[in-house]
Amino acid sequence: MTEGIERVARLLRAARRPVVFTGAGVSTESGIPDFRSPGGVWDRFDPREMTYQNFVGTEAGRRKYWEIGRHSYPVMRTAQPNPAHLAIAELHRLDRLECCITQNVDNLHQRAGLPEEKVIELHGNATRARCLACGAPYSRDEVQRWLEEEGVDVPACPRCGGIVKPYTILFGEPMPAGAVEEAERRARSADLFIVVGSSLVVYPAAYMPAHARHAGATLVIVNLTPTPYDAHADVVVPGKAGEVMDAVLQRLRSLP
Ligand code: NAD
């Protein structure tokens, strides 16, 4: 691991357009479970129920969704950025970060201090919601209040009665085209592409390292478990995102 940290620090110092790509693994040390690790979300819920079609198509689907969301949102809301989020925000301050492309919806990169315009969210943001009919925006905190204090179990728009949905992408739902295009563009123009805490099996997000690699970027993977891209990476640092990224940052700071 020490050799990997040294290499990543040196690559970061030399890079002209370093891009970081994060997945659920960057937030597990903040107490937000990922989907695939033991004890993760998929051990407790059936992902087939969490589809866009079920959500917009049936009241039962929405009821189930909100039953889960009612309990999972407070975990996300009270979670604090961990050393990995803080290290990535610090890379920005050191002018060592072109942008952070994330699959996460937890807002922790921004809360760690990364400016909004530096974060490209491929799967949306769980702190906001909107009415699918009239477009009225609601904060997810407000929706949580309807669930917890007003006894609502399937939130509807107070203005028009339409379906209220968080700004997160469900299975079967198209990804936000603007964010995907921007992420692809940044991945292709990166000279260093660092994956942190992603299984790299969720597509189309997992095409991003391939775009970067094909365009000539050096590929680094920091993850607790092996990924399908490890064989194509220049550096693989197995380990916890918080520990590895913090160590990389310390080393970067001390490089002559
Ligand atoms: P994933 O659940 O498929 O994989 C997470 C990866 O992170 C795994 O390979 C795991 O071994 C690794 N990991 C776990 N803890 C780690 C740590 N401390 N340090 C380093 N690696 C660690 O996650 P994914 O690839 O991001 O895809 C799942 C999808 O679920 C994402 O697209 C995301 O939208 C969504 N999701 C988001 C959150 C969140 O916002 N925090 C949480 C769960 C799921």
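The values are calculated or read from the model by the stated rules, or taken from the named source; none is laboratory data. The structure displayed is predicted, hence computed values, not measured ones. Neighbour counts are summed over all protein chains in view; Cβ atoms, including those assigned to glycine, are modelled from backbone coordinates with ideal geometry. Protein only, heavy atoms only, side chains kept; ligands, DNA and RNA dropped before computing areas. Shrake-Rupley method; radii C 1.70, N 1.55, O 1.52, S 1.80 Å.
Miscellaneous remarks
- Residue match in the range 212-224 (condition: more than 21 Å from Phe35 (Cα to Cα), touching a helix residue (DSSP H, G or I) at 6+ places or on another chain (Cβ under 7 Å) and among the β-branched types (Val, Ile, Thr)): yes
- Residue in the range 169-183 that is touching a Ser or Thr at 6+ places or on another chain (Cβ under 6 Å) and at positive phi present: yes
- Hey, Arg251 away from the ligand (no atom under 12 Å from the Cβ), part of a helix (DSSP H, G or I) and either open to solvent by 50 Å² or more (accessible area, probe 1.4 Å) or within 30 Å of Val143 (Cβ to Cβ) (or both) or not: yes
- Of all residues making up the range 81-123, the number that are closer than 14 Å to Pro18 by Cα and without any contact (Cβ under 8 Å) to a residue 40 or more places away in the chain: 6
- Filter pass, Ser198 being within 12 Å of the ligand (Cβ to nearest atom) and either surrounded by fewer than 18 Cβ atoms within 10 Å (Cβ to Cβ) or at pLDDT 95 or above (or both): yes
- Arg111 vs. criteria over 18 Å from the mean Cα position of the chain (by Cα) and more than 19 Å from Trp66 (Cα to Cα): no
- Criterion: part of a loop (DSSP other than H, G, I, E, B), closer than 25 Å to Val143 by Cβ and at pLDDT below 95 - qualifying residue of Ile32, Ile68: Ile32
- Looking across the range 199-237, the residues that are in contact with a Phe, Trp or Tyr (Cβ under 7 Å, 6 or more places away or on another chain) and within 13 Å of Ile101 (Cβ to Cβ) come down to Leu200, Met208, Pro209, Ala212, Ala217.
- The one condition from (1) under 22 Å from Ala156 (Cβ atoms); (2) buried (at least 21 other Cβ atoms within 10 Å of the Cβ) that Ile101 does not meet is (1).
- Counting only helices (runs of 4 or more DSSP H) that fall entirely inside the range 134-235 and contain at least 3 residues that are acidic (Asp, Glu), the qualifying elements are 140-149, 177-189.
- Any pair with Cβ under 8 angstrom, 6 or more apart, that starts in the range 136-158 at a residue that is on the phi < 0 side of the Ramachandran plot and ends at one that is among the polar types (S, T, N, Q) and open to solvent by less than 80 Å² (accessible area, probe 1.4 Å): Ser139/Thr127; Arg140/Thr127; Asp141/Thr127
- Some residue of the range 146-159 being touching a Phe, Trp or Tyr at 6+ places or on another chain (Cβ under 7 Å) and open to solvent by 30 Å² or more (accessible area, probe 1.4 Å): yes
- Criterion (open to solvent by 10 Å² or more (accessible area, probe 1.4 Å), within 16 Å of the ligand (Cβ to nearest atom) and touching a strand residue (DSSP E or B) at 6+ places or on another chain (Cβ under 9 Å)) met by exactly one of Pro238, Pro228, Pro209: Pro238
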